[in-house]
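Before any comments, here is the structure.
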Amino acid sequence: FTETDVEVSEAVDFAELYPYSVRRYDSIETVTGRGKGVGLVISPWNFPVAIPCGGLVAALAAGNTVLFKPSSEAVLVAWELCQCFWDAGISKNTLQFLPCSSSRTGPQLTGHPEIDFIILTGGTDTGLSILEDNPGMYLAAETGGKNATIITDMADRDQAIKNVIYSAFSNCGQKCSATSLLILEQTVYDDPHFQKQLVDAAKSMHVGSAWDFTNSLGPLIKPPAGDLAHGLHDLDTGEEWVLQPQMINGNPQLWSLGIKYGVRPHSYSHMTEFFGPILCVMRADDLDHALGLVNQTGYGLTSGIESLDKREQKKWQKKILAGNLYINRGTTGAITLRQPFGGMGKSALGPGIKAGSLDYVSQFMEFAEHGYPHIGAVAEDHDLLRLANDWEIRARWQLFGDDNEEIIKTVFAVKSYLFHVEQKFGRREDYFHIRGQDNILRYLPLQKIVIRLHADDSLFETLARIGAARVAGCRPVVSLPKDLNNSVTQFLKERYGRALLKNTPVITQSNHQLLQTLPDIDRLRYAAPGRVPETLLQRAAEIGFYIAKTPVYMEGRLELLQYYRQQSICNSYHRYGNLGDRGELE
């Protein structure tokens, strides 16, 4: 019941935030937005109200018709959720309820040519299979996670145990954000008192019927199978149970909590998401070693650190690869807008725009620009600003000939990009300013981004993408097809093109050579969907690589979304209500 309360509250938050987000885009005077068409929302069983509600509200608010395919284990809850939407006035033609078998009927939906986008919360394998069936599909997917918490020697150990136990075992470990991996600095790992406290805390979490309020945890969704069954029953080399999970009262869906020590690097327990009441504990020499162990999993959904040392916190924030970071608090329970949710690496497929953020709805909309964007003053003295001002003067004298209009559009685009980096993308945003807790949303520039040219690309589409990547702080590479030689490529070779590029490599590659590089780059940016070769789409689908192929916009709030990755940081800096140094400042 305690978990249900916060879940319904999250659903309410989604229903309030996403329509507000759409209105923010509607307020851009030079942009008109509309829905992409038909969206398919595929939701899981572990958050049967909040997650589908978020997907449905986002897709509907953006102006789409929505097909809703819930998990087979959560059909009844999904039906009640649809009743809420229909009772509120949403047409049954606009929101259609389609309970069906994922294995038999699901592929007919995900591969149907009339589906314009898919919102998925589920396993990484599920997302990859959807892309394999339909490589060109726009998929926004939050997938699995092998989430870790690091406890250093500088932690408050009592607080750390409290946070880890809740993060690992609430909902019986069946949250995608649950701490599955606990990495202890060697002094903590070797401390028998810490181990005893950890085990005692886990033993205090009683498992049983949800209707008996003396129980902290209820049943699993179904009897353990696959990875979870292996995790509950088997130990790998060097591992030992310090708290062995047991079936309760002969009920295969009721299991006591399990904690295993001695998990080794690259082992099954280290690299596998179990999605159940198992906590895998590893020993690290120091923080750097612990960071390496976390990042080796390839997942990047949530991650936590327990340390009172600000230097350790700073290093961890810089090096950890995860979408939601938590300092001295649990890794579960993200709140809409306060901690927008979504991962990196194997924990996300698609552009990775966070659910619960103001940007989320944009990916389910199509935008048309009419007129030049309105821009404010740019404070930073940037070389691209100087170049844009030079181009603007020359364009007013019609010195670019047939390219004059393309150059003017590029000038407005570059200035819009610079302005919105200063106003939004380059800032650390905290929408709530809660005393005792920072909740930061920051935009991390993608590192290696390849801008792929096509014979149909206009001069504006080419120059604007290069400008956006440079303004965002990426390391762009311009990739030319081997047979491409036109007025656009000629412009890049001349004075003003070279000034825009400024140390940006320009290389010539066949499509085959390009697809071989996908695992080594962060994003591939095309100027339109129809210009991406089918072989490239298929290769990208196989490895879950996102190719950005939205239209190129002058408006910075739209275009710059393609060049950043979002990250949420929640830092509970108070100590049992004491604000420390910050209290003196306030």
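General remarks:
- Distance in nm between pseudo-label sites at THR105 and GLU392 (7 Å out along the Cβ direction from Cα): 5.7
- C-alpha long axis of helix 124-133 to longest principal axis of the chain, angle in °: 40
- Entry note, the chain: the mean residue ellipticity at 222 nm calculated from DSSP H runs of n ≥ 4, each adding -39500 (n - 2.57), is -10500 deg cm²/dmol after division by the residues and rounding to the nearest 500.
- Basic side chains Lys and Arg get +1 at the Cβ, acidic Asp and Glu get -1 at the Cβ, and with that the dipole of the chain about its Cα centre reaches some 960 debye.
- Extension gain, TRP86 to LYS310, is 75.7 nm, computed as 0.36 nm per intervening residue step minus the present C-alpha separation.
- The range 206-323 - Debye-derived log10 I(q)/I(0), Cα point model, q = 0.12, 0.23 Å⁻¹: -0.54, -1.25
- Residues LYS448 and ASP200, FRET efficiency given R0 of 45 Å [Cβ-Cβ distance, rounded to 0.05]: 0.40
- nm² value of the averaged projected area, convex hull over the Cα atoms of the range 1-61: 4.4
- Dipole-positive endmost among TYR553, MET271, LEU40 within the chain (Cβ charges, Cα centre): TYR553
- Computed E for SER72/ASP234 - FRET, C-beta separation, R0 30 angstrom, nearest 0.05: 0.60
- Full-stretch length increase - THR508, THR214 - with 0.36 nm per residue and alpha-carbon distance subtracted: 99.1 nm
- At the listed q of 0.12, 0.16, 0.19, 0.23 Å⁻¹, the Debye profile of the range 409-534, built from one uniform point per Cα, gives log10 I(q)/I(0) equal to -0.52, -0.82, -1.08, -1.45.
- FRET efficiency for ASP483 and HIS193, using Cβ-Cβ distance with R0 set to 56 Å, rounded to 0.05: 0.20
- Proportion of all alpha-carbon pairs of the range 468-566 beyond 18 Å (%): 53
- Gained length - ASN578 relative to GLU405, 0.36 nm times residue gap less alpha-carbon distance: 56.4 nm
- Rough spin-label spacing in nm, given labels placed 7 Å along Cα→Cβ, for THR535 and GLN490: 2.9
- Dipole magnitude of the range 296-376 about its Cα centre (Cβ charges: Lys, Arg +1; Asp, Glu -1), debye to nearest 20: 500
- Surface accessible to a 1.4 Å probe, MET154 within the full protein complex, Å²: 90
- On Cα atoms only, tilt of 2-26 relative to the major axis of the chain in degrees: 10
- Tail fraction, Cα-Cα pairs, the range 134-204, threshold 15 Å, whole percent: 59
- Sorting ASP457, ASP116 by accessible area puts them as ASP116, ASP457; the probe is 1.4 Å, largest comes first, and only protein heavy atoms count.
- Radius 11 Å from Cβ of HIS289, net charge of other residues (Lys, Arg +1; Asp, Glu -1): -3
- Radius of gyration (Cα atoms) of the range 168-231, expressed as a multiple of 2.2 N^0.38 Å: 1.33.
- Rounded to 10°, Cα long-axis angle of helix 192-203 versus longest principal axis of the chain: 90
- TRP86 accessible area, assembled protein chains, probe 1.4 Å, Å²: 40
- Cα-Cα over 23 Å, subset of LYS36/LYS549; LYS260/LYS354; LYS260/LYS314: LYS260/LYS354; LYS260/LYS314
- Counting DSSP beta bridges with both ends in the chain, the antiparallel % (nearest 5): 30
- By accessible area with a 1.4 Å probe, ligands and nucleic acids excluded, highest first: order of PHE432, PHE425: PHE432, PHE425
- C-alpha center-to-center spacing [the range 390-417, the range 423-453] in angstrom: 30
- Here the spin labels are modelled as points 7 Å beyond Cα on the Cα-Cβ line, and at SER129 and GLN253 they lie 2.2 nm apart.
- Centre separation in Å (Cα based) which lies between the range 71-137 and the range 281-321: 36
- With 10 Å bins from 0: P(r) over the range 303-347, alpha-carbon pairs, percent: 26, 54, 21
- Dividing the mean sequence gap of close Cα pairs (under 8 Å, 6+ apart) by how many residues the chain holds gives a relative contact order of 14 percent.
- Solvent-accessible ranking of LYS318, LYS409, LYS448, largest area first, probe 1.4 Å: LYS318, LYS448, LYS409
- In a reduced charge model with +1 at each Lys and Arg Cβ and -1 at each Asp and Glu Cβ, the range 481-527 shows a dipole moment near 220 debye about its Cα centre.
- Quick note on the range 94-179: its Rg to Rh ratio, both from C-alpha atoms and Rh being the Kirkwood radius, is 1.18.
- Spherically averaged projected area of the range 1-151 from its Cα convex hull (nm²): 11.4
- Dividing the convex hull volume of the alpha carbon atoms of the range 33-81 by its residue count gives 58 Å³ per residue.
- The base-10 log of I(q)/I(0) for the chain, evaluated at q = 0.12 Å⁻¹, reads -1.25 [Debye formula, identical scatterers on Cα atoms, solvent excluded].
- Net charge contributed by nearby residues that have their C-beta within less than 13 Å of THR143 (K/R +1, D/E -1): -1
The values are calculated or read from the model by the stated rules, or taken from the named source; none is laboratory data. Predicted model only: the values in this text are computed from it and were never measured. Heads up, the Cβs are rebuilt from the backbone with ideal geometry, glycines too, and the neighbour counts pull from every protein chain shown. These area figures cover heavy atoms from the full protein model, side chains too; ligands, DNA and RNA do not enter into them. Shrake-Rupley method; radii C 1.70, N 1.55, O 1.52, S 1.80 Å.
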